[in-house]
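Here is the structure we will look at.
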Amino acid sequence: MKAVWLRNAERWAASLAVLAGAAVLLGWLLDVALLKSVLPGMATIKATTALCFIVSGVAFWLGIPEMKTSKAKFVAMVSSVLVLLTAGFTLVEYLFSSNLGLNEALFQERATATASSAGPSCMTYMRRWEQGKAGA
């Protein structure tokens, strides 16, 4: 039997993931830059990432042993598969320098927001790595 503090930690972790994802989605919905990034001026957290936070939080909550009904197991499994598919498609985008439109599926980022983001994106690092690998 799990300790009470461990059960509470599981619930807090699941709740935190859902709340963080909901805050970012709210930021995209209301166009509030503070809610769309970790720190002001940094690159934004994409809406699909926020949605994955919510879905994975739900899956984690439903995976808590006290919640294990057959319906809860099914929803947790489907949620986990959705997160894995999203991660897989994102990896394909990075590896093949393509755009499947995954990040633009929910919200379009304004051109001014893209131009003003402070640091290089993950794609920039991937391209630099590929160029370095090709030159070696």
| message | Among the listed residues L84, L39, L26, identify the single one that is part of a helix (DSSP H, G or I), surrounded by fewer than 13 Cβ atoms within 10 Å (Cβ to Cβ) and of a type in the set (A, V, I, L, M, F, W, C). | response | L84
| task | Report yes if some residue within segment 39-47 is hydroxyl-bearing (S, T, Y) and free of Cβ contacts under 8 Å to residues at least 60 places away in the same chain; otherwise report no. | result | no
| request: Report whether or not V75 is of a type in the set (A, V, I, L, M, F, W, C) and within 11 Å of the chain's Cα centre (by Cα). | output: no
| remark: Scanning segment 87-111 for residues that are part of a loop (DSSP other than H, G, I, E, B) and surrounded by 12 or more Cβ atoms within 10 Å (Cβ to Cβ) gives L100, L102, N103, E104, A105, L106, F107, E109
| query | Of these, A72, A22, A43, which one is over 23 Å from A105 (Cβ atoms) and among the small types (G, A, S)? | reply | A72
| query | Is there a residue in segment 43-64 that is in contact with a Ser or Thr (Cβ under 7 Å, 6 or more places away or on another chain), among the small types (G, A, S) and part of a loop (DSSP other than H, G, I, E, B)? | reply | yes
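Here, each number is a calculation from the coordinates, and none is a lab measurement. Remember, predicted model here, so these are calculated numbers, not experimental data. Positions of Cβ are generated from backbone atoms using ideal geometry, with glycine treated the same way; all protein chains shown enter the neighbour counts.
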